[in-house]
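J.: Sending over a structure as structure tokens; questions will come in a sec.
We did not get these values from a lab; they are worked out from the coordinates using the rules stated. Because the structure is predicted, anything quoted here is derived from the model rather than measured. Cβ placement follows ideal geometry from the backbone for every residue including glycine, while neighbour counts extend to all protein chains displayed.
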Amino acid sequence: MKRNADDERLAKLLKANAPDVKPNEWFTPRVLNKLPERRRSFRWQMPLIYGVAFVVCLILCIKYVMGYGGDAVTVRDVLYFVVMIAVTLYMGCQLVLDLVRE
């Protein structure tokens, strides 16, 4: 994120009016070492889930189209296909958004 002149003026103003930090005898290295460890990041899970869901939806769409052997196309067939395409596109978009967000 780029900083402009307003950001720098605001930072200087906040630094100038900030109270002085007094040394605290309670936060020694010994106390800091007893603090719990940071939790691990699981940011990779959602892209993995969306990726698997996208592949499964894509395979199901292809199987549905290849396996369709009906003579007449009904409204239900069209609706099934539209919903399958919509879910597949949604999963693909979520996968791309999660990958771009990181």
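J.: Against the longest principal axis of the chain, how steep is helix 5-16, in degrees 0 to 90 to the nearest 10, with axes from Cα atoms?
T.: Between the helix axis and the principal axis of the chain, the angle is about 40 degrees.
J.: On to the next question. Sorting check: for 7-16, 85-94, which peptide has the highest mean count of neighbouring beta carbons within 10 Å, and how do the rest follow?
T.: Descending mean neighbour count gives 85-94, 7-16.
J.: Taking neighbour Cβ counts within 10 Å as the exposure measure, how do LEU97, LEU58 sort from fewest upward? Don't skip to the end; give the middle numbers.
T.: Values: LEU97 12, LEU58 15.
Ascending Cβ contact count within 10 Å gives the list LEU97, LEU58.
J.: How far, in degrees from 0 to 90, does helix 75-101 lean away from the longest principal axis of the Cα atoms of the chain, to the nearest 10?
T.: 20 degrees
J.: Gap in Å between the Cα centre of the stretch 1-59 and the Cα centre of the stretch 65-102?
T.: 38 Å
J.: Along Cα→Cβ, 7 Å out, is where each label goes; now give me the distance between the ones at VAL52 and LYS12 in nm to one decimal.
T.: 5.4 nm
J.: Given a Förster radius of 41 Å and the C-beta distance between TYR68 and ARG40 as r, what FRET efficiency does 1/(1 + (r/R0)^6) yield to the nearest 0.05?
T.: So the FRET efficiency works out to roughly 0.35.
J.: Calculated from DSSP H runs of 4 or more alone, at -39500 (n - 2.57) each and per residue, what is the 222 nm mean residue ellipticity of the chain, nearest 500? Present the calculation step by step, with values, prior to reporting the outcome.
T.: Working: 4 runs with 67 residues, N = 102.
Calculated at 222 nm, the ellipticity per residue is -22000 deg cm²/dmol.
J.: For the stretch 5-101, what mean projected area does the convex hull of the alpha carbons give, in nm²?
T.: Values: hull surface 53.0 nm².
Spelled out: convex hull of the Cα atoms, projected over all directions, averaged, 13.2 nm².
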